[in-house]
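Novice: Here it is, the structure, as structure tokens.
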Amino acid sequence: IALICSGGGMRAAAWTLGALTGAQLSGTLDAITYVATVSGSAWSVASWITSGLSPEQCKHRILDKIVRGLSVNSIKEWKMLLEAWLVKKLHGQKTTMVDLFGMLIANAWFEDFNNDRYRVFLSDQISAVVDGKNPYPIYTA
């Protein structure tokens with residue numbers, strides 16, 4: 001069984017967290033093998049899988065962050081964002097406004113990782129899916 005989630009920014013992110021919570025509460029989450037995502041739903045699933053929280057716990061944490069918006073609130077946060085941008089540039093990676101938007105999301109949604117909020121990688125999710133306790137995520141842009 002696969003759960004297919006659509007894109008649509010913050011609206012899709014919120015819907016996806018609600019769908020995962022509903023699947024958890026109804027007992028069907030354990031039957032889902034894959035969760036396919038795009039755009040906003042990818043951010044929600046990545047946040048959930050990386051956090052180690054239940055879908056319901058993650059939903060409350062992320063919805064609070066969605067309500068607060070995407071902002072950089074301190075010099076320290078600006079410095080981390082700039083450093084992440086410079087790492088991409090120094091490695092010859094093309095950077096666009098999409099990268100900036102992603103960094104703003106990372107700043108808000110991954111603030112629990114403190115100074116490592118821009119160093120959260122897909123490979124960090126291996127331990128969360130290797131034993132089948134969570135669905136295997138399929139991310140698309």
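The values are calculated or read from the model by the stated rules, or taken from the named source; none is laboratory data. All of these numbers come straight from a predicted model, not from anything done at the bench. Note that we place each Cβ from the backbone using ideal geometry, even for glycine, and neighbour counts take in every protein chain shown. The area values use the complete protein model at the heavy-atom level, side chains included, leaving out ligands, DNA and RNA. Shrake-Rupley method; radii C 1.70, N 1.55, O 1.52, S 1.80 Å.
Novice: Obtain the radius of gyration and the Kirkwood radius of the chain from its C-alpha atoms and give Rg over Rh.
Specialist: 0.97
Novice: Hey, another quick one. Testing the spin-label approximation: label points 7 Å from Cα along Cα→Cβ at Y136 and E56. State their distance in nm.
Specialist: Using points 7 Å along Cα→Cβ, the separation is 2.9 nm.
Novice: Across the chain, how many lysine pairs, 8 or more apart or on two chains, come within less than 21 Å at their alpha-carbon atoms? Intermediate values should be presented prior to the final figure.
Specialist: Values: K59/K133; K65/K76; K65/K79; K76/K88; K76/K89; K79/K88; K79/K89; K79/K94.
The number of close lysine pairs in the chain is 8.
Novice: Still on this structure: Tell me, what is the 1.4 Å probe accessible area of H60, in Å² to the nearest 10?
Specialist: Result for H60: roughly 110 Å² accessible.
Novice: Using a 1.4 angstrom probe on heavy atoms only, work out the carbon and sulfur share of the accessible area of region 21-141 in %.
Specialist: The C+S portion of the solvent-accessible surface of region 21-141 is 60 percent.
Novice: Could you tell me how many degrees, from 0 to 90 and to the nearest 10, lie between the Cα long axis of helix 9-26 and the main elongation axis, the longest principal axis, of the Cα atoms of the chain?
Specialist: Roughly 30 degrees, rounded to the nearest 10.
Novice: While we're looking at this one, here's another question. Can you give the longest run of the chain that contains no trypsin sites (Lys or Arg not before Pro) sitting in a DSSP loop with at most 12 other Cβ atoms inside 10 Å? Can you show the working numbers first?
Specialist: On the way: sites that count: K94, K133.
Result, exposed sites excluded: 1-93.
Novice: On to the next question. With unit charges on the beta carbon (Lys/Arg positive, Asp/Glu negative), name the residue among S71, W48, A31 whose Cα is farthest towards the positive pole of the charge dipole of region 18-91.
Specialist: It is S71, whose Cα lies furthest towards the positive end.
Novice: Quick one: helix 97-109 against the long Cα principal axis of the chain, what's the angle to the nearest 10°, folded into 0 to 90?
Specialist: That works out to roughly 70 degrees.
Novice: Using only Cα atoms, find the angle between the long axis of helix 75-90 and the longest principal axis of the chain, and express it within 0 to 90 degrees, rounded to the nearest 10.
Specialist: 90
Novice: Another question, then. Run the simple label-point estimate for L100 and I75 please: 7 Å along Cα→C-beta, distance reported in nm.
Specialist: Taking the two extended label points, one gets 2.3 nm.
Novice: Now, a different point. Let's test the formula: R0 of 22 Å, r as the Cβ-Cβ distance of V38 and S127. What FRET efficiency results, to the nearest 0.05?
Specialist: Rounded to the nearest 0.05, the efficiency is 0.35.
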